[in-house]
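Q: Below is a structure I'd like to ask you about.
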Amino acid sequence: MSIGHTLLGLLESGPRHGYDLKRAFDEKFGHDRPLHYGQVYSTMSRLLKNGLVVVDGIEAGDGPERKRYAITEAGVTDVERWLATPEKPEPYLQSTLYTKLVLALLTHRDAADILDTQRAEHLRNMRVLTDRKRKGDLADQLICDHALFHLEADLRWLELTAARLDRLREAVTR
Amino acid sequence: MTAPPGSLLAAHGLRKTYGPTTALDGAEFSIHPGEVVAVMGPSGSGKSTLLHCLAGIVTPDSGSITYDGRELTTMSDAERSALRRSEFGFVFQFGQLVPELTCVENVALPLRLNGTARKEAERAALAWMERLEVDDLARKRPGEVSGGQGQRVAVARALVTNPRLLFADEPTGALDSLNGERVMELLTDAARSANAAVVLVTHEARVAAYSDREIVVRDGKSRDMERLV
Ligand SMILES: Nc1ncnc2c1ncn2[C@@H]1O[C@H](COP(=O)(O)OP(=O)(O)OP(=O)(O)O)[C@@H](O)[C@H]1O
Ligand SMILES: [Mg+2]
């Protein structure tokens, strides 16, 4: 997730102080990992440098959290572009698992075991998410559902691959 | 072999063939009181056959099944059906409600068959329908409610006798994901609060995620996934 774009987006509804931005971020998006103040300031100074925000006021006292930021027109355009650009589907898991499987087959290890172990791990993860979804609010539910559907897709691939393991073994060890 | 300590139902070495087809080939199973166990696996792997054996609907060719310390496979048919009526509940994918009866009459039916008076049976039925959020459908017939609503009525009917063990074979198989998940949420909540164990056959991972653990059936053999992680 792009923290910069998210903070920018939060500024669209009006100028905010650094601490206020962090609080809003944590409340809405920081479910498992709240932002560090350091992340907020490094991000804001980058946005400042790129002309996407300006400092709109400074409260009495010291510390960077007292700066109040406002989004610029360029900032709004940037948020818009980010929202309009689709995310890259991540094929990372399949490629790692595929490598493991092929290696297992080449070395005459139990490849089905690798799939079953992964499958069990996926389901364990899905249980945790399902439980969190049950106890959570709507935001939790949507976030967990997204993760659940992805894990489910992985699981389907694991099942399909398990059913095709003999063919894969043949192809790999030929 | 003896059943795992503390188990409510345990099966060992189950074999079942239908003509040339081997449906179960040495399957194992156990479930503890109040536990929700998912039975997963590809189509035709033997999940439903396993469930039918465990529930005493189908007799395996060999192997043992103990329920609460009693051997199921050597019981008489009458004993087995008495056990099914008093201790077990069932939810299937389709067509379990009697179309001529209203929903509340359907839910009350197992109690009526056990000899409970009509008024009392319907009062208990309504309480379960409330839990499953379908009490407003009490006077409708199954043909007048949606698939998801009908499935909740079926869950209420399965739980109305306070069974210790609920058998569910693809209970959400005919529902979309939103309705399916709501049914799973209500089913597992209700089962947990009644301390009923659930044998949940499903091929959907998101449904299985409502369980406490899962076994996978492949070619009539079962694998306990708990032992892997
Ligand atoms: N009554 C029957 N007569 C003959 N063959 C049967 C019978 N019941 C099941 N079988 C066969 O036994 C095997 C296992 O069937 P079973 O219904 O247990 O599979 P399943 O895992 O429940 O599949 P699905 O996910 O499609 O419901 C299949 O090959 C099936 O054709
Ligand atoms: Mg089946």
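Q: What's the total number of residues in region A:30-51 that are farther than 19 Å from A:Val76 by Cβ and out of contact with any Pro (no Cβ under 7 Å at 6 or more places or on another chain)?
A: As a first pass, look at region A:30-51 and keep what is farther than 19 Å from A:Val76 by Cβ: A:30-42, A:45.
Cutting the leftovers down to out of contact with any Pro (no Cβ under 7 Å at 6 or more places or on another chain) gives us A:30-40, A:42, A:45.
Adding up the residues that qualify gives 13.
Q: Taking the options A:Asp145, A:Asp110, name whichever one is acidic (Asp, Glu), surrounded by fewer than 16 Cβ atoms within 10 Å (Cβ to Cβ) and not assigned by TED's automatic domain parsing to the domain that holds A:Phe29. Quick ask: steps written out before the conclusion?
A: Details: A:Asp145 fails: surrounded by fewer than 16 Cβ atoms within 10 Å (Cβ to Cβ).
After ruling out the rest, the residue left standing is A:Asp110.
Q: Filter region B:1-37 for residues that are of a type in the set (A, V, I, L, M, F, W, C) and surrounded by fewer than 14 Cβ atoms within 10 Å (Cβ to Cβ) and give the result. Please lay out each step first, then the result.
A: Step one: filter region B:1-37 for residues of a type in the set (A, V, I, L, M, F, W, C), giving B:1, B:3, B:8-11, B:14, B:23-24, B:27, B:29, B:31, B:36-37.
Across region B:1-37, the qualifying residue is only B:Met1.
Q: Within region B:56-78, how many residues are surrounded by 23 or more Cβ atoms within 10 Å (Cβ to Cβ) and within 13 Å of ligand 1 (Cβ to nearest atom)?
A: Final tally of qualifying residues: 1.
Q: Restricting attention to region B:21-50, and to residues there that are more than 14 Å from chain A (Cβ to nearest Cβ) and of a type in the set (A, V, I, L, M, F, W, C), which single residue is farthest from ligand 1 (Cβ to nearest atom)?
A: So in region B:21-50, the residues more than 14 Å from chain A (Cβ to nearest Cβ) come out as B:21-34, B:46, B:48-50.
Remaining after also requiring of a type in the set (A, V, I, L, M, F, W, C): B:23-24, B:27, B:29, B:31, B:50.
Numbers: B:Ala23: 3, B:Leu24: 8, B:Ala27: 10, B:Phe29: 13, B:Ile31: 18, B:Leu50: 7 Å.
Out of the qualifying residues, it is B:Ile31.
Q: For the subset of region A:153-162 comprising residues that are free of Cβ contacts under 8 Å to residues at least 40 places away in the same chain and at the interface with chain B (Cβ under 9 Å from one of its Cβ atoms), which member is least open to solvent (accessible area, probe 1.4 Å)? If you could, list the steps in order and put the result at the bottom.
A: Kept after step one, since they are free of Cβ contacts under 8 Å to residues at least 40 places away in the same chain, are these residues of region A:153-162: A:153, A:155-156, A:160.
Still in the list and also at the interface with chain B (Cβ under 9 Å from one of its Cβ atoms): A:155-156.
On the way: A:Leu155: 4, A:Arg156: 157 Å².
Filtering first and then ranking leaves A:Leu155.
Q: Are there any strands (runs of 3 or more DSSP E) wholly within region B:134-223 with 2 or more residues that are open to solvent by 10 Å² or more (accessible area, probe 1.4 Å), and if so which?
A: Values: elements: B:165-169, B:197-201, B:213-218.
In region B:134-223, B:213-218 are the strands (runs of 3 or more DSSP E) which contain 2 or more residues that are open to solvent by 10 Å² or more (accessible area, probe 1.4 Å).
Q: Go through region A:113-127 residue by residue and tally those that are open to solvent by 40 Å² or more (accessible area, probe 1.4 Å) and within 17 Å of the chain's Cα centre (by Cα).
A: The total comes to 1.
For every residue, the table says whether it meets (1) more than 12 Å from chain A (Cβ to nearest Cβ); (2) not charged (D, E, K, R).
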site	(1), (2)
B:Lys140	yes, no
B:Val160	yes, yes
B:Phe167	yes, yes
B:Thr172	yes, yes
B:Arg182	no, no
B:Asp189	no, no
B:Ala196	yes, yes
B:Val199	yes, yes
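Q: So which residues in region A:7-23 are open to solvent by 10 Å² or more (accessible area, probe 1.4 Å) and assigned to a helix (DSSP H, G or I)? Break it down stepwise before answering.
A: Filtering region A:7-23 down to residues open to solvent by 10 Å² or more (accessible area, probe 1.4 Å) leaves A:9-10, A:12-17, A:19-20, A:22-23.
Listed by number, the residues that qualify are A:Gly9, A:Leu10, A:Tyr19, A:Asp20, A:Lys22, A:Arg23.
Q: I'd like to know if region A:131-142 contains one or more residues that are of a type in the set (Asp, Glu) and open to solvent by 40 Å² or more (accessible area, probe 1.4 Å).
A: Checked region A:131-142: at least one residue is of a type in the set (Asp, Glu) and open to solvent by 40 Å² or more (accessible area, probe 1.4 Å).
Q: Checking B:Ala127 against (1) under 26 Å from B:Gly6 (Cα atoms); (2) of a type outside the set (D, E, K, R); (3) surrounded by fewer than 24 Cβ atoms within 10 Å (Cβ to Cβ), which single condition isn't satisfied?
A: Every condition holds for B:Ala127 apart from (1).
Q: Here's a follow-up. Which count do you get for residues in region B:79-109 that are out of contact with any strand residue (DSSP E or B) (no Cβ under 8 Å at 6 or more places or on another chain) and either open to solvent by 70 Å² or more (accessible area, probe 1.4 Å) or touching a residue at least 60 places away in the same chain (Cβ under 8 Å) (or both)?
A: Number of matching residues: 8.
Q: Just one of (1) within 16 Å of ligand 1 (Cβ to nearest atom); (2) within 14 Å of chain A (Cβ to nearest Cβ) trips up B:Cys53, so point out which.
A: Only one criterion in (1) within 16 Å of ligand 1 (Cβ to nearest atom); (2) within 14 Å of chain A (Cβ to nearest Cβ) is unmet by B:Cys53, namely (2).
Q: On to the next question. Is it true that B:Thr59 is more than 16 Å from the chain's Cα centre (by Cα), more than 16 Å from ligand 2 (Cβ to nearest atom) and in a strand (DSSP E or B)? Walk me through it before giving the result.
A: Numbers: more than 16 Å from the chain's Cα centre (by Cα): yes; more than 16 Å from ligand 2 (Cβ to nearest atom): yes; in a strand (DSSP E or B): no.
Answer is no for this residue.
Q: Continuing with this model, one more query. I'm checking my understanding of the structure. Among residues of region B:24-43 that are within 13 Å of ligand 2 (Cβ to nearest atom) and either modelled with pLDDT of 95 or more or in a helix (DSSP H, G or I) (or both), which one is farthest from the chain's Cα centre (by Cα)?
A: Applying the first criterion (within 13 Å of ligand 2 (Cβ to nearest atom)) to region B:24-43 yields B:24, B:39-43.
Checking the rest, the ones that are also either modelled with pLDDT of 95 or more or in a helix (DSSP H, G or I) (or both) come to B:24, B:39-40.
Values: B:Leu24: 19, B:Val39: 11, B:Met40: 14 Å.
For region B:24-43, the residue satisfying everything is B:Leu24.
Conditions (1) touching a residue at least 60 places away in the same chain (Cβ under 8 Å); (2) part of a helix (DSSP H, G or I); (3) within 14 Å of another protein chain (Cβ to nearest Cβ), marked per residue:
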{"site": "A:Gly75", "(1), (2), (3)": "yes, yes, no"}
{"site": "A:Val79", "(1), (2), (3)": "yes, yes, no"}
{"site": "A:Thr96", "(1), (2), (3)": "no, yes, no"}
{"site": "A:Leu103", "(1), (2), (3)": "no, yes, no"}
{"site": "A:His108", "(1), (2), (3)": "no, no, no"}
{"site": "A:Asp131", "(1), (2), (3)": "no, yes, yes"}
{"site": "A:Gln141", "(1), (2), (3)": "no, yes, yes"}
{"site": "A:Leu151", "(1), (2), (3)": "no, yes, yes"}
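Q: In region A:53-70, is there at least one residue being touching an Asp or Glu at 6+ places or on another chain (Cβ under 8 Å) and closer than 28 Å to A:His146 by Cβ?
A: no
The values are calculated or read from the model by the stated rules, or taken from the named source; none is laboratory data. Please read all numbers here as calculations on a predicted model, not as lab measurements. All Cβ positions, glycine included, derive from the backbone under ideal geometry; neighbour counts span all protein chains shown. Ligands, DNA and RNA are stripped out before the accessible areas are found, and what is left, the full protein with its side chains, is counted by its heavy atoms. Shrake-Rupley method; radii C 1.70, N 1.55, O 1.52, S 1.80 Å.
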